[in-house]
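Note sheet for the following structure.
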Amino acid sequence: MRLRYFPLAVFANVLCLCQSYTLRNSVSWAVSSSDVVVEGELDAISEEVAPALLVDNAGLWKQAYPSSKVLGDGVESPKELVKSDSDNVAPLSSRLFSYRMEEVKKSSNTTPPPHQETARTARYIAHYSDWGHLATISTQDKIKGLPFGNIFSVSDGPLDNSTGVIYFYVTPMDNTVSDLKSNPYASLTFTEAEGDFCRQMIYDPEDPRCARLTLTGKMVEVVPEELEFAKEAMFSRHPVMKKWPVGHKWFFMKLELIQVWLQDWVGGVSLIPLEDYFKATPF
């Protein structure tokens with residue numbers, strides 16, 4: 001090979017190698033240089049040790065650097081990422097800890113039930129939604145007594161075992177949990193827009209054909225005899241939760257239902273009896 005073509009060949013090989021990778025956002029915590037984990041050693045860390053490395057005494061999951069500085073435009077080389085205007089800022093490599101994202105098995109069932117089957121549709125949305133919007137009555141000073149909404153990862157059971165009961169993994173440090181201590185009643189809303197169906201059908205998220213489900217009830221802590229199932233339900237769907245900082249005192253809650261509200265077609269909404277909701281199956 002002629003010498004002048006050698007750099008071009010090297011560049012082509014690098015492009016081929018990069019085709020198997022995608023750049024994804026990750027959550028990072030500030031750690032001391034002594035706690036830095038070298039890639040490849042992470043798999044050897046036990047579930048008990050890993051969360052301790054993630055604890056950030058400065059705040060709840062505070063990012064060490066703004067995303068604009070980590071993935072900013074105009075960065076010429078990796079060396080520029082560790083440059084700082086202040087000598088007090090440690091190099092990026094010693095300030096950030098990231099964990100490998102774990103792949104979660106997805107269900108092959110992507111087709112929602114017929115809209116006439118309202119109870120089954122409600123169970124379908126509740127089971128295949130990975131997150132929802134929880135509304136509480138706020139205890140925050142400036143909005144005390146007003147509605148406050150927050151996003152939570154949820155599960156009603158492993159993918160092959162739907163219960164219709166929604167489980168949560170929460171921390172007392174969350175404003176929503178503070179609200180629930182004062183008033184345990186809340187509404188949890190799901191949207192079919194979370195999946196691919198509404199995009200494929202070109203339905204706007206507010207289009208009534210793009211189903212919406214609101215479950216209203218009382219948020220309670222999971223009792224000891226139910227903890228094992230709650231762990232299986234949450235960690236099978238959100239395995240990264242097992243590595244969240246133990247210092248935040250995570251615990252399990254569930255929603256005891258009072259009302260099931262569904263809009264999945266034009267012409268009105270459905271209030272589904274709890275008996276019908278729990279008898280139905282999403283599969």
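The values are calculated or read from the model by the stated rules, or taken from the named source; none is laboratory data. Predicted model only: the values in this text are computed from it and were never measured. Positions of Cβ are backbone-derived with ideal geometry, glycine not excepted, and every protein chain shown enters the neighbour counts.
The residue list SER138, SER155, SER187 contains one member that is within 17 Å of MET234 (Cα to Cα), crowded, with 17+ Cβ neighbours inside 10 Å and of a type outside the set (A, V, I, L, M), which is SER155.
Counting the residues of region 211-235 that are buried (at least 19 other Cβ atoms within 10 Å of the Cβ) and assigned to a loop (DSSP other than H, G, I, E, B) gives 2.
Conditions tested, residue by residue: (1) at pLDDT 95 or above; (2) closer than 20 Å to GLY217 by Cβ; (3) among the small types (Gly, Ala, Ser).
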| position | (1), (2), (3) |
| --- | --- |
| ARG95 | no, no, no |
| SER108 | no, no, yes |
| ALA119 | yes, yes, yes |
| ALA122 | yes, yes, yes |
| ALA126 | yes, yes, yes |
| SER129 | yes, yes, yes |
| GLY132 | yes, yes, yes |
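Apart from one condition, PRO172 fits all of (1) in contact (Cβ under 8 Å) with a residue 12 or more places away in the chain; (2) outside any helix (DSSP H, G or I); (3) more than 20 Å from the chain's Cα centre (by Cα); the exception is (3). Of the residues in region 155-162, none is out of contact with any His (no Cβ under 8 Å at 6 or more places or on another chain), at negative phi and part of a strand (DSSP E or B). For region 213-251, the set of residues classified as small (Gly, Ala, Ser) and farther than 25 Å from LEU274 by Cα consists of SER236, GLY247, listed by residue number.
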